[in-house]
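Beneath this line is the structure, given in structure tokens, with notes to follow.
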Amino acid sequence: MPAWYDTFIEEIAAGEGQYLACEACGESSLPPRRVCPACGSAELSRRPLPDRGTVVAFTEISVTIPKFHGETPYTVVMVEFDDDVVLSGQLREATAGDIAIGDEVVLGTEARDEGPDLVTFRPVQE
Ligand SMILES: [Zn+2]
């Protein structure tokens, strides 16, 4: 994994996750970017990533790459934050049968024996 990913994950783990907001058109994106994907402006400012977002899609994974063998099935969720930032990660403390589109989930990270930490989400505990 490239260094930017390590930084991105470390910031989330520390509760200081960030995303990029375009000063020119308002488009949101995730690091690493030097220019806005929508308008090409280089005026990107870092904003704090909220610690919770809303599930917009999810899928249960039962066949995977070798790195995740022995962990299937697991669920990958796509989560939308304020300003239309979308991030995907593995669902924890729940399965695909427990969640629905529109559910609120909490952003987190999970350390791995090998390689960089994972982005994870878990249901909000009411
Ligand atoms: Zn832009």
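Since every read-out is calculated from the coordinates, none of them should be taken as a lab result. Keep in mind it's a predicted model, so treat the numbers as computed, not measured. Every residue, glycine among them, receives a Cβ derived from its backbone with ideal geometry; neighbour counts consider all protein chains shown.
A few points about this structure:
- Among the GluC sites (Glu not before Pro) within segment 66-111, those in coil by DSSP and having at most 14 neighbouring Cβ atoms inside 10 Å are GLU71, GLU93.
- Our coupling estimate for segment 41-58, obtained by passing each phi through the Karplus curve with A = 6.51, B = -1.76, C = 1.60 and θ = phi - 60°, is 5, 8, 8, 9, 10, 7, 10, x, 7, x, 8, 9, x, 10, 5, 10, 6, 7 Hz, Gly and Pro reported as x.
- Among ARG52, ARG92, ARG112: highest mean-square fluctuation, GNM of the chain, C-alpha pairs under 10 Å: ARG112
- Two-site label geometry, TYR74 and ALA96: point separation in nm, points 7 Å out along Cα→Cβ: 1.5
- Cα-centred dipole magnitude for segment 3-123, charges only on beta-carbon of K, R (+1) and D, E (-1), debye, nearest 20: 240
- Amide H contacts under 5 Å for LEU30, placed H, 5+ residues apart: LEU20
- A Förster radius of 35 Å, combined with the Cβ-Cβ distance separating ALA111 from ARG46, puts the computed FRET efficiency at roughly 0.90.
- Cα gyration tensor, segment 3-123 - rounded (a/c under 1.5), prolate or oblate: prolate
- Its DSSP H runs of at least 4 residues, each contributing -39,500 (n - 2.57), put the calculated 222 nm mean residue ellipticity of the chain at -2500 deg cm²/dmol, to the nearest 500.
- Additional length obtainable on full extension of the chain from VAL86 to GLU23, 0.36 nm per residue less Cα span: 20.8 nm
- Relative contact order (%) - criterion: Cα under 8 Å, at least six apart; region: the chain: 22
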